[in-house]
1. Note down the nm distance, to one decimal, between modelled labels 7 Å out along Cα→Cβ at residue 28 and at residue 56.
2. Restricting to DSSP loop positions (anything but H, G, I, E, B) with no more than 15 other Cβ atoms inside 10 Å of their own Cβ, which chymotrypsin sites (Phe, Trp or Tyr not before Pro) remain in segment 26-103?
3. Could you state the accessible area per residue of segment 68-122 in Å², with a 1.4 Å probe and every protein chain left in place?
4. When you count, for each residue, the other Cβ atoms within 10 Å and take the mean per peptide, how do 64-73, 261-270 rank with the highest first?
5. If you keep only loop residues by DSSP, which trypsin sites (Lys or Arg not before Pro) in segment 47-137 have at most 11 other Cβ atoms within 10 Å of their Cβ?
6. Probe radius 1.4 Å, ligands and nucleic acids ignored: give me the carbon and sulfur share of the accessible area of segment 15-122 as a rounded percent.
Amino acid sequence: MCLNANTCNRRFGRLRDLTEGALLSAGYTDIIAASSGWEALKILDVGRATEERSTVDVALLDIVMPEMDGVEACARIRNDPRYADLPIIMVTALADMDSLANAFVAGATDYVTKPVSRIELVARVRAALKLKQELDRRQAREQELLSFLSSWGDRRSGLWIDETTGLFVGEVAEAYLAAAGGCKNDEVISILALSLDRFDLQGSATSGTATRGVRAEVARTVRRLAASVGVVAASYRNGVIILIAPEVDANSARELGETLRKTVARLRLQNSESVVSDYVTASVVVITGRVKRAVDNVQLLTHAIPS
């Protein structure tokens with residue numbers, strides 16, 4: 001801790017300049033530097049009543065800053081709804097672990113220690129940016145699914161079934177999940193997403209008829225399994241099949257997913273593009289959550305569907 005304010009300000013200024021220089025040398029040119037915690041809040045416009053999305057992707061906060069320490073600044077930033085998902089990286093000395101613990105309570109995402117290593121700093125920033133991009137992608141997908149409801153009533157029933165698989169099209173499952181009355185309040189629901197491994201490469205290397213045949217055969221297996229356990233199944237054009245399983249807990253859902261994966265393998269459908277097998281194999285993602293609102297269903301779906 002700096003006992004002299006001027007000394008503290010100079011040390012903070014040097015660290016800020018060194019951090020900015022390290023990021024600039026790594027190719028990050030769109031950097032905004034703040035001379036204090038208060039200035040950081042002003043730059044971010046924290047507390048303003050607006051729904052306008054922020055253009056900031058990641059924030060670095062020193063634990064020790066003039067006027068306002070990094071812990072308080074972190075808490076104030078995190079309390080602004082626009083920055084609920086903003087990655088916040090704390091910069092701290094090894095001797096200040098207690099303050100770092102408080103920073104995580106305040107909403108910090110990660111930290112780097114002083115003296116700051118350029119390699120560590122850049123690695124942490126890259127990881128934070130990747131996390132932010134993933135969150136942005138999921139949020140965009142959630143908005144797409146929710147906006148779909150507004151036009152669903154205009155769709156013709158003949159478009160509800162995928163011709164190749166005989167399953168519902170993915171949009172039907174999305175509408176089902178987003179419907180406010182679709183599930184009981186606060187119930188457990190599991191969503192399984194089955195993807196055919198390297199299916200996109202098989203489609204580009206073979207005829208459309210061959211890939212449609214694979215999808216149809218896999219879908220027949222899924223339909224039989226879905227009927228036996230009472231779940232809703234739907235198909236996307238990219239080969240992903242989802243199963244919606246209300247009141248199915250995580251363990252049961254994982255068992256169902258493993259059954260799906262093994263069943264597809266036992267079909268022994270030819271796949272010349274596979275690097276691990278001569279036959280079509282599948283991967284299954286299982287997401288389980290407790291649903292309180294319609295939007296919770298949509299969030300589960302966007303987490304389950306592969307990018």
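The values are calculated or read from the model by the stated rules, or taken from the named source; none is laboratory data. Fair warning: this is a prediction, and the values are worked out from it, not measured in the lab. All Cβ positions, glycine included, derive from the backbone under ideal geometry; neighbour counts span all protein chains shown. Note: accessible area is taken over every heavy atom of the protein model, side chains too, but ligands, DNA and RNA are not part of it. Shrake-Rupley method; radii C 1.70, N 1.55, O 1.52, S 1.80 Å.
1. About 1.3 nm, to one decimal.
2. none
3. With all protein chains present, segment 68-122 gives 46 Å² per residue.
4. Answer by packing, highest mean first, reads 64-73, 261-270.
5. Qualifying residues, ordered by number: 48, 53.
6. 53
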